[in-house]
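Engineer: Below are the structure tokens for one structure; questions will follow.
The values are calculated or read from the model by the stated rules, or taken from the named source; none is laboratory data. None of the values given here were measured: they were computed from a predicted structure. Cβ atoms come from the backbone with ideal geometry, glycine included; neighbour counts cover every protein chain shown.
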Amino acid sequence: MDQFKTIVLVSLFGVPILGCVIAIVRYFGSSFYWYLFIFLVVFQFFMILVYPSFIMPLFNQFTPIEEGELRSKIFALAKKVEFPLTNLFVMDGSKRSAHSNAFFFGLFKNYRIVIFDTLLKQVKTNEVVAVVAHELGHWKLSHTMRRIVISQGIFFLNLYVLSQFILNEYIFNLFGFYGKTYPVVLGFIFFQYVSSPVDHMLNFAMNIVSRKHEYEADAFAVKHGYSLELVNALIKIHSENLSNLNPDRWYVTYHYCHPTLFERIEAITSVDIKQE
């Protein structure tokens, strides 16, 4: 059923978007990257608004968390850090895996927090609040906005390079294609091959930034009194998720967007000691 829903969504959004992209490239010629960037950024923000409220519920069930200790503590924390929380939901993440998580979504003064049902089963109430405190740290420290700005900057540069690439007859000749005109889609495919090494380097750099943000979000949770609870939650989550507790250091440096469990515990302990 999920595959059918995915096919329908791709048909509704993917095909028309691809058609618009091709039309923009053909119409605006060598300067298409400006117009394509604006079009795709607008579409991305549209999806930010639509995806949580209309698309995610097609695949998962979201149930408001009822009045109680957990709801009260999370709302109190949100108020303390000036996070404009409007509602709390539990999501049936166990429907597909044992992976546990919590995240927030929304814009301006209307944010909601979603907690996986697996997380509620794995950890205690204060430990759930500690995980939420970590997520609120990302918001308070503007990590999400920074990543959006960085990713959009990279995206624009990619489009600019694409504009120099896709209309270059010599590039097509290198791939064995000769003629007066070339399919736009073919240019996209060639660009993906050529840009792959650069994408790997950019992904490496973004992982470094992401790990730094994780440390900062952990420190934010510690600052608000959740050091022990966060450590306990991380241990339980890594255990339940069957995470590799001792991965190769170089592999982590290149591939991981999060620090390892032991690295995070060491950093949390260090911040906690400094506060005492």
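Engineer: What residue, of Tyr33, Tyr51, is assigned to a helix (DSSP H, G or I), among the hydroxyl-bearing types (Ser, Thr, Tyr), modelled with pLDDT of 85 or more and outside the structural domain of Leu157 (by TED's automatic domain parsing)?
Structural biologist: Tyr33
Engineer: For the range 46-61, check the following and say yes or no: at least one residue is in contact with a Cys (Cβ under 8 Å, 6 or more places away or on another chain) and among the aromatic types (Phe, Trp, Tyr).
Structural biologist: Checked the range 46-61: no residue is in contact with a Cys (Cβ under 8 Å, 6 or more places away or on another chain) and among the aromatic types (Phe, Trp, Tyr).
Engineer: Could you say which residue among Lys109, Lys121 is in contact with a helix residue (DSSP H, G or I) (Cβ under 9 Å, 6 or more places away or on another chain) and either of a type outside the set (Ser, Thr, Tyr) or modelled with pLDDT under 90 (or both)?
Structural biologist: Lys121
Engineer: Taking the options Val252, Val209, name whichever one is closer than 16 Å to Leu141 by Cβ, of a type outside the set (Ser, Thr, Tyr) and in a helix (DSSP H, G or I). Steps first, please.
Structural biologist: Working: Val252 fails: closer than 16 Å to Leu141 by Cβ.
One residue alone meets the criteria, Val209.
Engineer: On to the next question. So Asp218 fits all but one of (1) surrounded by 16 or more Cβ atoms within 10 Å (Cβ to Cβ); (2) in contact with a Cys (Cβ under 8 Å, 6 or more places away or on another chain); what number is the exception?
Structural biologist: (2)
Engineer: Suppose the filter is modelled with pLDDT under 90 and loosely packed, with under 14 Cβ neighbours inside 10 Å; does Val198 pass it? Explain how you work it out, then say what you get.
Structural biologist: On the way: modelled with pLDDT under 90: yes; loosely packed, with under 14 Cβ neighbours inside 10 Å: yes.
Criteria met by Val198.
Engineer: Kindly establish whether Leu186 is free of Cβ contacts under 8 Å to residues at least 24 places away in the same chain and closer than 18 Å to Pro197 by Cα.
Structural biologist: Judged against the criteria, Leu186 is not a match.
Engineer: Moving on. Filter the range 234-246 down to the residues that are over 21 Å from the mean Cα position of the chain (by Cα) and outside any loop (DSSP other than H, G, I, E, B), then identify the one that is modelled with the lowest pLDDT.
Structural biologist: Glu240
Engineer: Let me ask something else about it. Restricting attention to the range 62-83, which residues are in a loop (DSSP other than H, G, I, E, B) and surrounded by 13 or more Cβ atoms within 10 Å (Cβ to Cβ)?
Structural biologist: Residues satisfying the conditions are Ile65, Val81, Phe83.
Engineer: For the condition under 23 Å from the mean Cα position of the chain (by Cα) and basic (Lys, Arg), what is the one hit in Arg264, Arg249?
Structural biologist: Arg264
Engineer: Also, I was wondering about something else. Would you check which residues across the range 38-61 are exposed (fewer than 14 other Cβ atoms within 10 Å of the Cβ) and within 22 Å of Lys140 (Cα to Cα) and list them?
Structural biologist: Of everything in the range 38-61, those that are exposed (fewer than 14 other Cβ atoms within 10 Å of the Cβ) and within 22 Å of Lys140 (Cα to Cα) turn out to be Phe45, Ile48, Leu49.
Engineer: In the list Thr118, Thr86, which residue meets the criterion of being of a type in the set (Val, Ile, Thr) and either surrounded by 15 or more Cβ atoms within 10 Å (Cβ to Cβ) or within 21 Å of the chain's Cα centre (by Cα) (or both)?
Structural biologist: Thr118
Engineer: Given (1) part of a helix (DSSP H, G or I); (2) touching a residue at least 24 places away in the same chain (Cβ under 8 Å), where does His258 come up short, assuming only one miss?
Structural biologist: Only one criterion in (1) part of a helix (DSSP H, G or I); (2) touching a residue at least 24 places away in the same chain (Cβ under 8 Å) is unmet by His258, namely (1).
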